[in-house]
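Okay, structure first, notes after.
The values are calculated or read from the model by the stated rules, or taken from the named source; none is laboratory data. Computed from a prediction, not measured in an experiment: that's the story for all the values here. In this analysis, Cβ positions are derived from the backbone assuming ideal geometry, glycine residues included, and neighbour counts consider all displayed protein chains.
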Amino acid sequence: MSGIELNCVVITDFPDKIELSSTTDELPIESSPEVLTVIAKDKSGHLFTSVNGLKFEWKLEEEQLDESVESPGNIVASLRPFSSSHEYFKVDGWALRGLLGHSVLVEALNVGSCKIRASLRQTETRKISTQEVKLRVTPNVKISPCNSIRILRYGTVELGVEHIQGRKLEYKKDFNINIGKPEIAQLDGDSSKLVALEYGQTHLTLTSNRESTSFPDFFLKTDIKVVKPARLEIRISRGGFTMLEELKSYTLTVDIFDDEGNAIFPSDNIKLSVTFPAQLFYVNSTSSNGTFHVVQALAPGKNTIKAELKGVVLSDGSLHKYSLQNTLTVTVCQKIQISPPFTLLPSDTLSSSPHEIRLMATGGTGNYRWTSNSSSAIIHFDKEKSHMALIQIKNEGDFTIILTDEENINFLASAKISVAPVIDIETYPTVVEAQVSNILILPVAFLAEEDRDRKIIRKFDDCSKIEPKVEIIEKHVLTYDKEPHIPAFGKGCRSLQFRCKYPGHSRINVYYESPSEKGENSSVEIHKTTTVLSCFKDLKPVHPVRVAVLPLGSSMEIAFDGGPRKWPLMKENHYTILEASKPELIDIELIRDPIRYNKDLTVFRVLCKALGENVLTFRIGNEPSATNKHPAKSEVSIKFVCSKPHSLHLKLFRKSEKKKLKDENIVKVPFYGSKQFSVDVWLKDSKGRKLYNISSLSLRWKVSDFSLAIAEETENGFTTHDNAVAGYRKISREFKEFKMPGGSGKLEVKAALLGYRNDVLKKAGVSDADDSLDTISGSIDLKLVSLRDINAEMYSTQDDEKQEEDTCDGDSCKGH
């Protein structure tokens with residue numbers, strides 16, 4: 001039980017005054033019956049809710065319309081009980097018995113007039129009555145075009161008779177026309193077209209030819225007056241304003257008036273010309289006499305419409321001239337608009353501050369008036385700058401802001417502002433991948449019902465005051481920057497900023513808690529959405545950094561570090577492409593290593609098949625997908641050269657020591673243990689660039705004194721030292737080792753290039769190699785000194801002395 005009590009006071013009394021209620025005082029024959037209802041009031045003027053049960057006395061008296069016309073003696077109208085009507089909801093007890101109750105039906109029978117009155121007997125001696133209601137019963141036909149016509153000389157008008165149900169009667173078959181003064185106006189032959197001949201006034205009488213029905217002459221009489229034109233008046237629809245709106249259609253009429261200010265009938269044979277400025281109007285249609293036009297306003301501007309009455313066209317085609325003109329200056333304005341036309345704002349933030357919305361108006365005359373459909377929407381605007389308005393809203397609901405042009409009330413525009421609660425949250429990620437140290441902007445949209453009846457959901461136009469909760473799963477990958485505030489873009493109504501710290505991916509959970517009900521016991525509704533963001537290292541070549549030069553038949557593992565990683569929601573869309581400017585010179589093979597520690601490393605093995613220079617371009621990224629519509633892409637290029645050796649260089653390899661010998665070519669001969677030394681070898685091309693990986697070449701070594709050193713035997717004449725600690729194979733040295741029997745003295749070591757290794761070329765698939773390599777060689781003079789003969793004077797005193805680089809990565813290398 002709700003505990004609510006409803007009290008209703010019922011007052012019973014006897015009417016002190018009664019009145020008749022009717023909607024018309026004229027009723028055509030054969031029309032629907034008219035309802036007359038009694039309204040009762042008490043002494044204080046209060047209206048009775050119901051008068052069912054009271055017995056009213058109804059009286060109908062006929063009266064003569066004109067004493068000069070004899071009454072036909074027919075009954076003008078009759079009263080019928082309301083129960084005979086289909087409207088049963090008003091029927092009282094008397095009407096159900098076939099008697100006249102508090103409501104009756106009046107049925108028109110014949111032309112005439114009558115008075116109707118209802119009475120109510122209070123006591124046996126006192127009776128109250130209503131005022132008399134006069135009802136005129138008219139014929140069921142009317143004269144066309146009207147009952148009084150003013151017409152120009154030689155003008156024509158088609159006379160007719162129309163039934164109230166829309167059926168037109170035929171001339172001579174259904175009615176005749178009698179003209180009072182034939183010298184002023186005559187009928188055109190056997191038709192009902194009337195031609196005005198001379199200035200003056202006459203009248204016409206239309207009589208019925210049907211024997212079953214007679215029409216009194218005064219009901220079918222029309223006056224004809226032949227006059228001269230005095231002025232033209234141009235009128236435009238939609239209120240007659242001269243300020244018009246672009247792209248809207250208007251009807252333009254030209255009315256002709258006589259010297260008494262009465263309108264002249266626009267005959268069909270009138271010739272009237274209207275000139276419209278073509279840049280402002282497009283004429284859709286025009287009447288034959290030129291008095292009626294349907295036009296469309298095209299573009300903003302100001303100009304003049306000119307109307308000119310040429311005259312009246314006679315039956316022989318000649319023109320009875322009139323000279324009459326008028327102009328109307330009109331201005332076509334730009335369509336009035338409000339921006340933005342619709343604004344959706346959250347009600348969750350109203351507790352902290354009201355919403356302020358700025359609306360801008362364009363079009364029209366520029367003089368506006370702003371109004372609202374609710375007092376909760378407060379409008380502030382300056383009349384001097386009325387194109388701007390500030391709307392302040394403090395409550396939840398739908399509000400309509402109406403803009404009216406002060407110069408033309410037909411210029412209207414409206415904007416809707418809806419303040420509604422948050423019902424959901426969504427993220428609309430656009431760019432989800434960024435380089436380390438860069439930022440990612442995540443658009444977030446808080447949603448509400450734009451149309452509560454149709455359940456249309458859309459984002460808020462401004463939700464910058466709503467602060468969501470952000471949870472980063474992989475906190476080492478990303479950080480959330482609350483400041484500065486990022487403007488909304490894309491599909492979001494606000495933006496969240498994240499900064500990439502480390503390569504990888506992380507899920508981002510965005511929460512919002514909103515009260516689902518108002519009141520002390522309100523609950524909290526949690527809205528959540530999740531997205532994925534990715535960070536990657538800057539892409540750069542690591543092996544080589546810029547240029548690689550190799551001999552024919554040799555290969556090199558080329559490594560790139562960084563670039564976008566595989567998108568975790570669509571890993572198969574990831575691509576790594578190495579393209580060559582001259583692919584016929586080389587072979588490219590991607591090296592896959594599932595246990596590679598560095599996930600950002602991409603390694604290719606490139607083999608020299610023919611001599612020449614190549615530009616290798618590496619591209620890495622993800623193809624667009626539903627969750628990554630704008631993927632990141634990176635690319636970098638290096639130069640890869642297959643070249644011939646041009647020079648050979650040798651250098652004594654020396655381990656790093658705290659103290660360095662002044663003479664770099666001194667070899668220390670130990671007393672015991674391993675008595676070995678090694679000589680590094682490298683080849684350069686004609687541009688002085690060091691060749692990487694000379695394993696496809698064969699070298700021959702010689703020493704000047706076998707008692708001091710003996711060369712170690714190898715397959716190609718040297719040893720290659722490499723490692724793959726970084727995730728790719730990198731050659732650090734190519735050298736030759738020598739054994740020392742133990743003697744001291746001067747020693748010359750010499751190396752010569754023998755040519756390509758056929759087994760290597762065959763394995764590499766190189767069949768057209770040029771065997772005629774230039775004969776090149778290199779030598780180095782060494783001093784083998786026993787450790788007992790090494791003294792302090794032989795060491796260098798400069799600790800910062802730099803050794804020449806034993807590697808080369810560039811367009812040229814230093815000579816030795």
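Observations
- Options K659, K651; residue that is at pLDDT below 95, surrounded by fewer than 17 Cβ atoms within 10 Å (Cβ to Cβ) and basic (K, R): K659
- Test: residue in the range 537-558 that is in contact (Cβ under 8 Å) with a residue 24 or more places away in the chain and either closer than 30 Å to E426 by Cβ or of a type in the set (F, W, Y) (or both): no
- Filtered residues of the range 453-474 (kept if without any contact (Cβ under 8 Å) to a residue 12 or more places away in the chain and not hydrophobic (A, V, I, L, M, F, W, C)): D453, R454, K455, E467
- Apart from one condition, F381 fits all of (1) touching a Ser or Thr at 6+ places or on another chain (Cβ under 8 Å); (2) without any contact (Cβ under 8 Å) to a residue 60 or more places away in the chain; (3) aromatic (F, W, Y); the exception is (1).
- Some residue of the range 720-728 being among the hydrophobic types (A, V, I, L, M, F, W, C) and more than 60 Å from the chain's Cα centre (by Cα): no
- One residue stands out among those in the range 588-611 that are surrounded by fewer than 17 Cβ atoms within 10 Å (Cβ to Cβ) and touching a Lys or Arg at 6+ places or on another chain (Cβ under 6 Å): the one that is nearest to K762 (Cα to Cα), which is E589.
Condition check ((1) in a strand (DSSP E or B); (2) surrounded by fewer than 19 Cβ atoms within 10 Å (Cβ to Cβ); (3) modelled with pLDDT of 95 or more) across all residues:
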| residue | (1), (2), (3) |
| --- | --- |
| Y502 | no, yes, yes |
| Y512 | yes, no, no |
| E520 | no, yes, no |
| H527 | yes, yes, no |
| S534 | yes, no, yes |
| G553 | no, no, no |
| M556 | yes, no, yes |
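- Taking the criterion of being among the polar types (S, T, N, Q), more than 21 Å from R654 (Cβ to Cβ) and either under 60 Å from the mean Cα position of the chain (by Cα) or surrounded by 15 or more Cβ atoms within 10 Å (Cβ to Cβ) (or both), the residues of the range 678-713 that qualify are N693, S695, S696, S698.
- Total residues in the range 563-587, condition within 23 Å of G765 (Cβ to Cβ) and either acidic (D, E) or in a strand (DSSP E or B) (or both): 7
Rundown of residues vs (1) assigned to a loop (DSSP other than H, G, I, E, B); (2) of a type in the set (D, E); (3) in contact with an Asp or Glu (Cβ under 6 Å, 6 or more places away or on another chain); (4) surrounded by 14 or more Cβ atoms within 10 Å (Cβ to Cβ), yes/no style:
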| position | (1), (2), (3), (4) |
| --- | --- |
| N716 | yes, no, no, yes |
| T720 | no, no, yes, yes |
| E734 | no, yes, no, yes |
| E737 | no, yes, yes, yes |
| G743 | yes, no, no, no |
| L753 | no, no, no, yes |
| V760 | no, no, no, yes |
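- Every condition in (1) assigned to a loop (DSSP other than H, G, I, E, B); (2) modelled with pLDDT of 95 or more; (3) not aromatic (F, W, Y) is met by D259 except one, and the failing one is (2).
- Of all the residues in the range 462-493, those that are among the basic types (K, R) and either loosely packed, with under 13 Cβ neighbours inside 10 Å or at pLDDT 90 or above (or both) number 3.
- Residue in the range 268-283 that is in a loop (DSSP other than H, G, I, E, B) and among the aromatic types (F, W, Y) present: yes
- Members of the range 615-648 that are among the β-branched types (V, I, T) and farther than 21 Å from V431 by Cβ: V615, T617, I638, V641
- Qualifying residue in the range 411-422 (condition: in a strand (DSSP E or B), without any contact (Cβ under 8 Å) to a residue 40 or more places away in the chain and either over 30 Å from S534 (Cβ atoms) or more than 26 Å from the chain's Cα centre (by Cα) (or both)): no
- For the range 17-36, the candidate set comprises residues that are among the small types (G, A, S) and more than 18 Å from L120 (Cβ to Cβ); within that set, the residue that is modelled with the highest pLDDT is S32.
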